[in-house]
1. Only one of (1) among the hydrophobic types (A, V, I, L, M, F, W, C); (2) open to solvent by less than 60 Å² (accessible area, probe 1.4 Å); (3) in a helix (DSSP H, G or I) fails for Leu10. Which number is that?
2. If you take the residues of the stretch 13-35 that are modelled with pLDDT of 90 or more and of a type in the set (Val, Ile, Thr), which of them is least open to solvent (accessible area, probe 1.4 Å)?
Amino acid sequence: MSTTYIPVCLLGIEKHPSGLGVGLLNEILETRSLLRKDKHAVLTVLSVTDSVGSLSPVERFAPQQVLKEGGGLTDGAIERIVQLKKGGQHLDREDGYPNDFTLLARIVAQSAQPGMVVVDMTSKADEEKALVALEKAADLGCSVVLPFPRPEAFK
């Protein structure tokens, strides 16, 4: 049976009181091997963005190469992001890119394929800026997950 790669982009990994962003990253790490073994599926994290920075292998390599190889951020990179966020730091402290949210729209546009999931956990302050990436994702047929109430413009 062949492996299915499910590309995922995460917007707004902040230190929410609920710990949703860090919790989701931990859940991805904890279930990756089980999903691969039992369901022949791999969650391929293409991008993680907070209000200040963004980390994505798509910026360094051709998006289709990343997806074809089941690339995305490694477990080690995701673990490092979790530690940064638990420590209250932003992603620009690593080898990341400044975040103006147009980066995410570009990553979504370059990487979009059936089954891609974009999870928006942006704060109230960034929700209008995040709409660019969310609208691009929706236009390209990606699944958009909105765990928090969103502005009327995207409902």
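1. Single failed check for Leu10: (3).
2. Ile28
The values are calculated or read from the model by the stated rules, or taken from the named source; none is laboratory data. As the structure is a prediction and not an experimental result, all values here were calculated from the model. Just so you know, the surface numbers come from the protein's heavy atoms only, side chains and all, with ligands and any DNA or RNA stripped out. Shrake-Rupley method; radii C 1.70, N 1.55, O 1.52, S 1.80 Å.
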